[in-house]
Every structure is written in structure tokens, then in C-alpha cells.
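The values are calculated or read from the model by the stated rules, or taken from the named source; none is laboratory data. Since this is a predicted model, take the numbers as computed values, not measurements. Neighbour counts run over all protein chains shown; Cβ positions are idealised from the backbone, glycine included. Side chains included, ligands, DNA and RNA excluded: accessible areas come from the protein's heavy atoms. Shrake-Rupley method; radii C 1.70, N 1.55, O 1.52, S 1.80 Å.
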Amino acid sequence: MPSPPPTSSPPQLNDTSDVSAERRFREAEDRLREAVEELQRRQRSARQLHQPPCDHADDSCVANAIGNLCQSFLLSYGVRVGIGILLRAFKLARGKSYSSLLDLKQLVSEKNLIVREEACRIGLLFGGFTGSYHALRCLLRKLRKKETPMNAILAGSVAGLSILALDDSNRRRTLALYLLARLAQCAYNSAKSKNKFHLWGSHWRHGDSLLFSLACAQVMYAFVMRPESLPKSYQDFIQKTGPVARPVYKAVRDCCRGSRLDVASLSAFLVSKKGHNSVKLEEFPSIIPCSIIHPDTNSCLAHNSKAASATFRKTFPLYFSLTFVPFVVLRLQKFMDAPVRTCWLAVKGAVRSTSFLSAFVGIFQAVICLHRKVATKDHKLVYWVAGGMAALSVLLEKKARRGELALYVLPRAGDSLWYILVNRHFLPDIKNAEVALFCACMGGIMYYLEHEPDTMAPFLRGLIRRFLASRISNPGTTSNRSASYSYLQALDAMKKPKLQDNRDAETSASEKYNIESIPGL
């Protein structure tokens, strides 16, 4: 009979080979970790000796600056020309000349569409700032051999000299004050987020509406009593939007100041409006009656309703242009994807904004007329109060828009206050002070944009980044990835061969030396 098979098991060769393979794998991991750490130490030493790399690896510094300059110039130029063409089209449509909309000579001729110089100046402002900012950032990296917040501040301040492309000092001052308000907003949000400063009442639900009311009160007071303190273009806008004629405003100013009225010019105005002058005019009246403020309408209520509806018709094309054109130019891809929805949103936003402005005019005129029903003497403070009450119409706007409107009107209020204080010798009259203010504000704005972007309003942050046309990143949240880091990421993504291990101790040791557990890799 054949002998039975042996009962003893063969030697565990597979277990021995598995243990040996895992030991070699752990040794390879250790050597790789040491090599990567040595490589990273050398890279850190090299960075300390050389300037940090620029963000435009594919282009030279000069080519990057010129390319961004041209892109921003064409972008801002196109926005201004597009708004001008759309306003011209509304003007032709209002005159029921619909066939002329297809006539390029009437639509975009030099005679009818005078936007070339203004569009070029705006393009030079934005394009010049963008190009010079990128060039200065690269230059400061090479000279200082490090990247610090001071680079953004210095580059933004020097690039702010592009404001000289605007030849009107009033527009430069308005823009500088607007940026000052935005910089103050960023500084306050930064201090508030760090628990360093907190204004009483900043948590109010309608704090932005209150700020808008105070700014509008100053603006309307300046328009009635000190119109020279406002920019000429802003004066003309308020004058065309409101229903009261310029001679009447002059009579109101003279009355509040106790000066002699120009009876001859005021009488000529009344004759041109009514065909005759049935109002007895005095040289030193105590108050200008409603019969002079709105001579063509006897009812104050009818006059205010007519003023509101007329304002809606006059300003709707402007608001639609300001809503539609920037959206198409700055977000062309979204417009191409959903053109009908874009047009609907533009119409909806324009109707809402126009309703707000129409209500503003109606409330302002209603307060003026109500004052004349209960008082026998005029006072300049009435127009300050009327402006503040009329500003309550901002509640018709979206909540997100109220803060933007407040920060838009606030610089104009500050502009008029600046002029009045300089005129009364409370502040010195420094030539080109608005240029220095603009440069300083741009330095601060660029610092917050690059290092604390969350402190900026989303609208302003997106607008500046769109015009800068750059890949700005927040150094606090992202950093440049080295070649060794990328290599390790790719290495970790690779699937490792599954090795069988029957002992838990060896498995835990393998996980302990896993490359994914190495800090900093």
C-alpha cells in the first residue's frame, strides 16, 4: 500500500517575501521623504536669495503690462461708446423716428454722437492704471526681491496718476472722494472683522438708507442754495430731472438770503409759462409761493404726480443703458447663453431704479409745497430736510443696491461740503489735491483687493478685477505650488499595490510611515 502523504505544511515562503517587500517599500518611502525635504529646503533658500516669480509665467513683464493696458482700454472705451449709442437710439425712438435707427449716419455720426474724447479719456484712465499697475508690481518684485503688501500699496498709489487723463478737476475730485468712501468701508469692515472697532448702529437694518438720506440732504441743499459747489454735469442732471425751472431756484436762493429778487427775469419766465403774469411780485418776499414754483399747474398734488411721471419717462433710457450695456460688455458669455433673460433683468432693474428716482422727485416737491401751506417764511434748512425725506424712496430699491447708492451719493455730498469749506476758508485750497487723494486711495484699495478681499463690496471687487484683467489671488489663502509639491500630489494619487499583511502591528506601522501622513507634504 502506498504510504500516506506527509502531514507537515511547506515553509511559508510567500509570507517571507511579502514582509521583505513591505520593508523595502518603507525604506523607499523614507528615502523619498528625506529627498523631498532636502529639495524644499533648497527651494526656500533660493527664494530668499532671488525675487519671487511673477504670476504671468507665459509672458514677459512688458508684454503682460501692455496686454492688460490694451484690454482694459478697449473694455472701458466700449462700455462708454455702447452707453452713448443706446442713449442716442432712445432719443431717436422718443422722436418717433424709428427708421433712423437703421441709419448709421444719424445713429453714430460725429455730429450726433460726441463721445470720442470722453471715451478715450476713460479708456486711458482704466487702461493706464491697469498697465502701469502690473508693470510696477513686476518692477517692485525685482527691486525688493520679495512680495509684501507694500508692493501693492506702492504700485496702486503710483498707478493712480492715471487720473490725470481726466481734464476736469471736478470729476477727478468726485472720483477721489468716491474711492475715499470705499476705502473707509474696507477699513471699517477689516477692523470690525478683527474685533478692533465697531460703530454703534452699524447693525441696523436700514443703516444704509440712513446714510443715503444724509448724503441726499446735503446734495439737495447744495443744489438749491449752493449750486456752484456741485459738478456742472450733476447740476444739469438734477435740473433736467426735476420739474422746477432754473429762474425759480434763483428766486428761492435770493429769498432765503434776504437779497433783492430779479423781478424782470422772473416775470418774463412766468409770462412764457402762462402767457401772462397774474402773480404780484415783490422785491423782498418772505417766501416764494407755489404759484411761482409750478405756474402751469394750480394743484400741488397734480404737479407732484406729473413731475414723478415725467421723471420716469426721462430717466428710464438712462437707467436701462447703464444696466444693459455694462452687463453685455463685461459678461458677454452669459449674455450669449441667455439673451432674453438678460434683457428681462435689465428692463426689470431699470424700472425699479427709475421708480425710485421718480418717487424721489415727487416726495421732494411734495415737501416743498407742504412747507408753503403751513409756513409764511422760507428757510434754507427746509431744502436739507426735503432732500433727506425724499431719499426714503431708496426703500424701493433692492437691499444690496441701497449701500451702493449711498456710497455713490456720499462723495458728491462730500464734494459740495469740501467746496463750501474751502470757499469759507475753513480748508486750504491746495492745487491738485484730488490727484494726491486719488493716488493714496488707490494704494489702499489695491491692498485690500489682494490681501483682504472679503472687506470689499462684491460689486466693486468684481468690477476692479474685471478691468485689471489679472489673476489676483489672496496670499493668505493660496500660495504658489512648487514642483516638489505637485510631484508628491501626483505620487499620492497613484494606486499602490495591495500587499497582504496578517499582522495588525505591521499594518499600523505601514500607515504610520505613509507619505500622506508627513506634515507639509
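Let me cross-check Y408: its accessible surface, 1.4 Å probe, with only protein heavy atoms counted, in Å² to the nearest 10?
My reading of the accessible area for Y408 is about 110 Å².
Can you give the Rg/Rh ratio of region 136-258, where Rg is from the C-alpha atoms and Rh is the Kirkwood radius? Don't skip to the answer; put the middle values down first.
Details: Rg = 21.0 Å, Rh = 18.7 Å.
Result: Rg/Rh = 1.13.
Take the Cα gyration tensor of region 328-382, multiply each eigenvalue by 5, square-root it, and list the three semi-axes largest first, rounded to whole angstrom. Please list the in-between numbers first.
Details: eigenvalues 390, 21, 3 Å².
Semi-axes, largest first: 44, 10, 4 Å.
Which sequence of F364, F327 reflects their accessible areas, 1.4 Å probe, from the largest down?
Numbers: F364 10, F327 55 Å².
These residues rank, largest area first, as F327, F364.
Leaving out ligands, DNA and RNA but keeping every protein chain, what accessible area does F320 have, in Å² rounded to the nearest 10, with a 1.4 Å probe?
Result for F320: roughly 30 Å² accessible.
Within region 412-436, name every residue whose backbone N is under 20 Å away from a label modeled 7 Å from Cα of L164 along the Cβ vector.
Label zone hits: 430-436.
If R94, R402, R466, R80 are ordered by their accessible area, calculated over protein heavy atoms with a 1.4 Å probe, which sequence runs from highest to lowest?
Ranked from most to least accessible, the order is R94, R466, R80, R402.
Give me the mean projected area, in nm² to one decimal, of the convex hull enclosing the Cα positions of region 238-396.
On the way: hull surface 44.2 nm².
Seen from a random direction, the Cα hull of region 238-396 projects 11.0 nm² on average.
If E283, E452 are ordered by their accessible area, calculated over protein heavy atoms with a 1.4 Å probe, which sequence runs from highest to lowest? Intermediate results must be reported in sequence, preceding the final value.
Details: E283 85, E452 35 Å².
From most accessible down to least: E283, E452.
Is region 350-455 rounded, prolate or oblate when judged by the Cα gyration tensor, a ≥ b ≥ c being the square roots of its eigenvalues, rounded requiring a/c under 1.5 and prolate requiring a/b larger than b/c? Please report the intermediate quantities before stating the final value.
Working: a/c = 3.78, a/b = 1.37, b/c = 2.76.
Because a/c hits 1.5 or more and a/b fails to exceed b/c, region 350-455 counts as oblate.
Of L161, M150, C120, which is farthest along the charge dipole of region 112-169 in the positive direction, counting Lys and Arg as +1 and Asp and Glu as -1 at C-beta?
M150
Among the listed pairs K314/K398; K146/K194; K250/K273; K240/K280; K232/K377, which have their C-alpha atoms separated by more than 24 angstrom in this model? Write down the numbers at each step before the final one.
Values: K314/K398 22 Å; K146/K194 26 Å; K250/K273 17 Å; K240/K280 28 Å; K232/K377 30 Å.
Cα-Cα > 24 Å for K146/K194; K240/K280; K232/K377; rest within.
I'd like to know which of G403, L437, Y448 lies farthest towards the positive end of the charge dipole of region 394-456, counting +1 on Cβ of Lys and Arg and -1 on Cβ of Asp and Glu.
G403
Averaging the inverse of every distinct alpha carbon separation and then flipping it gives the Kirkwood radius. What is it for region 214-257, in angstrom units?
On the way: mean 1/r = 0.0933 Å⁻¹.
Over region 214-257, the inverse of the mean reciprocal pair distance is 10.7 Å.
Does a label point 7 Å from the Cα of S291, set along Cα-to-beta-carbon, have any residues of region 239-261 with amide nitrogen under 19 Å, and which are they?
245, 248-249, 251-252, 255, 261
Given the whole protein assembly as supplied and a 1.4 Å probe, what does the accessible area of S355 come to in Å², nearest 10?
Around 40 Å² of this residue is reachable by solvent.
When all alpha-carbon pairs of region 124-187 are counted, what percent fall beyond 20 Å? If you can, show how the numbers build up before the last one.
On the way: 735 of 2016 pairs.
So the pairs more than 20 Å apart make up 36 percent of the total in region 124-187.
In debye to the nearest 20, how big a dipole does region 406-455 give about its Cα centre with +1 on each Lys and Arg Cβ and -1 on each Asp and Glu Cβ?
340
Let's test this: bin the Cα-Cα distances of region 259-342 at 10 Å from zero up to the farthest pair and state each bin's percent.
So the P(r) values, bin by bin, are 14, 27, 20, 14, 13, 11, 1.
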